[in-house]
1. Per-residue counts of other Cβ atoms within 10 Å, averaged by peptide: what ranking do you get for A:514-520, A:809-815, highest first?
2. Note down the relative contact order for chain A as a percent, whole number, built from C-alpha pairs under 8 angstrom at least six residues apart.
3. Do any of A:134/A:485; A:775/A:818; A:34/A:69 go past 19 Å between their Cα atoms, and which?
4. Packing-wise, with mean Cβ within 10 Å as the measure, how do A:706-719, A:90-103 rank, highest first?
5. So what does the Cα-only Debye profile of segment A:245-308 read at q = 0.17, 0.21, 0.27 Å⁻¹, as log10 I(q)/I(0), no solvent term?
6. Exposure proxy check: A:264, A:764, A:11 ranked by fewest other beta carbons within 10 Å?
7. Exposure proxy check: A:269, A:725 ranked by fewest other beta carbons within 10 Å?
8. Cross-link list A:517/A:561; A:12/A:749; A:210/A:401: which exceed 22 angstrom alpha carbon to alpha carbon?
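Every read-out reported here was derived from the displayed coordinates using simple, explicitly stated rules and does not represent laboratory data. From a predicted model like this one, the values you see are computed outputs, not experimental measurements. Glycine also receives a Cβ, built like all others from the backbone with ideal geometry; neighbour counts cover every protein chain displayed.
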Amino acid sequence: MDTKYNPEVIEKKWQEYWETKKLFKVEIDTSKQKYYLLEMFPYPSGRIHMGHVRNYCIGDVVARFKMAKGFNVLHPMGWDAFGMPAENAAIKNKSHPAKWTINNINEMRRQLKRLGLSYDWDREIATCHPDYYKWEQWLFVRMLEKGLVYRKKSVVNYCRPCATVLANEQVEAGCCWRCGQPVIQREQDGWFFKITQYADELLEWCDHLKGWPERVLTMQRNWIGRSEGARIFFKIENSDESIEVFTTRPDTVFGATFMSLAPEHPLCLSISKGTSQESVVQEFVNRALTQDWQSRVGEGAEKEGVFVGAYCVNPLTGRRMPIYCANFVLFEYGTGAVMAVPAHDQRDFDFARKYGLDVIVVVNPPDQSLEPETMTEAYVENGFLVNSGEFDGMDNIAVKKSISEKLESMGMGGPTINYRLRDWGISRQRYWGAPIPIIHCPKCGPIPVPDKDLPVVLPTNIDFPESGRSPLPDLDWWVTTPCPKCGTSSRRETDTMDTFVESSWYFDRYTCPRYDKGLLDPEQDHYWSPVDQYIGGIEHAILHLLYSRFFTKALRDLGIKQAGEPFENLLTQGMVIKDGAKMSKSKGNVVDPEELIDRYGADTVRLFCLFAAPPERDLEWTAEGVDGAYRFLNRIWSLIFQYKNLKKVRNSNVETIQSRYIRRVTHRTIKKVTEDVGARFRFNTAIAAIMEMSNELGKVTSENIFSDDALCWAMKEALDSMILLMSPFVPHISEELWEAFGNKSGLTKREWPQYDPQLIIEEELIIVVQVNGKKRAEIRVALTASDDEIKQSAMAELNVQKFLEGRTIRKMVVVPGKLVNIVAG
RNA sequence: GCCUGAGUGGUGGAAUUGGUAGACACAAGGGACUUAAAAUCCCUUGGGGCAUGUCCCCGUGACGGUUCGAGUCCGUCCUCAGGCACCA
């Protein structure tokens with residue numbers, strides 16, 4: 001054994017050992033309990049960053065711990081390999097996205113391997129590989145057949161700089177999630193996944209995902225946005241048409257005095273046609289549609305509208321209600337039309353005051369009567385109905401149902417449920433993505449590519465245009481193809497799929513990455529699914545996690561997969577911070593993981609990431625902290641070095657006070673680390689416990705240790721256990737020390753140490769004595785001491801007596817093994 | 001505005017079921033070793049007090065409450081972070 005800890009040498013040695021022996025390769029083993037552990041796969045951007053390191057170190061601890069606990073652990077890794085940065089880089093370097101991506105994957109794989117992560121690399125997948133996206137295309141066709149995919153013309157979010165359509169989930173505060181530029185609205189044909197069909201189930205199962213953080217579930221619930229209400233039809237005057245609205249306040253129908261339509265609503269233009277308002281409306285609609293989203297409905301945007309020149313009829317009051325086109329009405333939510341009740345909705349109130357429209361109070365607070373003339377804001381609280389015919393005097397909440405039912409019986413609407421969640425538009429006008437397997441026939445329309453012709457391979461021998469525009473529509477040899485149905489010369493779909501599609505099912509494919517008879521091998525799926533523990537950043541709380549849940553349910557209903565939810569347990573890890581801010585190039589506070597590995601070794605980097613904060617919290621990066629982790633490993637090294645000749649020891653029947661103490665420390669630490677890692681994912685406290693143990697062991701004077709059998713044996717047990725406890729966190733140094741300490745056959749197949757509850761018990765207890773809740777003394781009592789004995793010793797303490805002087809004892813509370821509180825007054 | 005977290009020493013954090021607040025580490029200060037430095041090791045380290053102790057007082061964002069006992073539970077408020085946001 002070398003006197004000096006040399007991570008560079010030992011890390012290389014053990015990584016090769018694990019790799020050549022294929023120690024992390026797994027297969028189905030029905031004799032063992034399976035454990036599917038997954039970390040979110042990375043986008044191959046070129047180099048790993050500290051966020052990856054943290055994510056994967058956390059996962060590796062869990063994986064190695066579960067292996068040691070006897071589970072059959074599936075721990076795979078792969079690449080989310082399609083996406084825009086590859087295209088941007090290709091344009092910049094006059095290269096090809098595929099080449100750039102593959103180079104990056106090779107580089108990042110090499111970097112990950114230097115961290116010593118316990119992946120089964122035989123299961124590696126890259127989503128840009130035709131063998132992967134073939135099954136995605138196949139699934140697209142199955143979903144199309146099942147009615148879960150459809151094509152529609154829709155107003156979509158469009159990002160000019162990225163030259164692509166964005167899903168609603170990819171728009172953040174009116175701006176593109178990737179480039180941050182304002183998003184505009186544009187009408188376009190595209191393919192949609194019918195995620196709304198699962199809105200209810202996705203929402204309901206939020207209540208059953210006990211292993212998910214509450215805030216992620218809350219975010220998903222809000223995103224789905226279920227609201228109960230009514231749909232109501234308002235007949236348009238002098239027309240056969242009606243306007244349908246959704247409202248959560250059917251109790252206020254009697255107070256509806258006008259109608260607001262979204263500028264996108266087709267009725268705006270059609271109703272105003274031929275009226276004096278035609279040109280005004282046209283101008284207003286044009287302006288609203290070309291305006292960027294932020295300035296139209298963003299914060300502080302002015303509410304504006306124009307009269308469309310026609311009226312509709314309130315089904316309950318018969319009132320003539322002017323129809324307005326209003327910029328704040330969202331076309332995508334509900335029906336794109338809102339019945340306006342100015343007395344009870346602040347937006348309608350503002351609008352009515354601005355344009356001089358009538359206000360009718362229909363809900364009064366319990367203690368007063370509102371007058372439209374004196375109101376300065378809408379009354380949105382609950383109360384009792386007025387001006388509402390037969391419903392007057394009734395409670396507004398109770399009446400919601402009655403009014404909905406009345407409308408239903410009139411054929412003018414009825415109760416309904418509306419969701420904020422909208423279908424997932426997946427068409428992207430990008431090159432570097434999975435082709436949508438559709439052929440557009442001039443005679444038959446869009447026809448799916450037959451299964452035997454899958455995959456539709458993304459052509460790779462192309463020149464990449466500098467404009468950033470997708471080259472696909474210009475590739476005649478690829479685009480032009482006969483219709484699979486009638487043979488007519490047709491065009492392929494040239495849009496590719498949103499890259500979130502690939503990440504919505506990659507965890508399934510890991511169970512059978514090379515299976516070629518279907519998307520999933522039922523046997524593998526049955527054994528491995530679902531993922532027992534998923535680990536990744538909170539930033540995917542809605543997008544990726546909701547899509548994956550949807551895909552899982554769709555796959556289940558297609559009979560491809562068994563489980564109905566993809567991830568049993570979810571751990572969302574915090575960000576890596578430096579100088580108080582997220583690491584980023586623009587801030588210049590980036591730490592390169594590989595430089596750290598060069599300098600300290602992977603074990604130090606791993607240890608720091610795990611020790612400095614619990615996983616779900618942000619981790620503040622400090623150079624001093626890394627030094628501290630490195631120093632600790634050096635201390636452990638020299639501790640083992642000091643005892644390296646303890647190799648052969650006799651088991652001893654004799655016990656000394658010292659050996660007994662060491663064994664107690666050992667078994668207490670085993671218990672603590674096992675619970676912290678296994679049940680709580682608190683790696684920082686587990687490591688702290690190991691540090692405490694090493695501090696205790698360091699205090700043992702080594703002079704007589706080789707002659708004292710009992711001490712010798714206890715020490716060997718302690719050091720062996722300590723190495724085993726360290727091994728999930730810092731596997732390389734643990735393997736090396738294990739070997740140097742005279743133990744055989746690597747650590748990865750070693751069982752996790754067990755603690756003996758008998759050995760943890762103290763002979764003496766330290767009991768805190770309080771007087772009126774304040775600590776006044778500590779007493780040592782025998783383990784067997786009765787409550788009365790404890791009380792007596794407590795009373796005997798001088799300092800306790802001092803505080804009892806002149807008082808009478810009212811009560812004594814004894815907490816077994818911990819504390820006595822003497823209540824005196 | 002709504003929802004969800006969080007607020008503890010100079011710093012990161014610990015306190016798992018209401019029971020000794022500050023484990024473990026970092027930083028800082030002092031000491032040992034050394035010709036010297038680095039490395040290493042040892043000691044001190046929440047604030048205050050004096051009578052320097054097995055001492056006392058204060059202290060977990062603020063103010064109340066429940067309790068023998070509150071960092072932990074309840075109420076009101078403040079601050080910060082994240083998510084959603086004209087969602088009818």
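1. A:514-520, A:809-815
2. It rounds to 14 percent for chain A.
3. A:134/A:485
4. A:706-719, A:90-103
5. -0.72, -0.95, -1.13
6. The fewest-first ordering by Cβ neighbours comes to A:764, A:264, A:11.
7. The most exposed by this proxy come first: A:269, A:725.
8. Exceeds cut-off: A:210/A:401.
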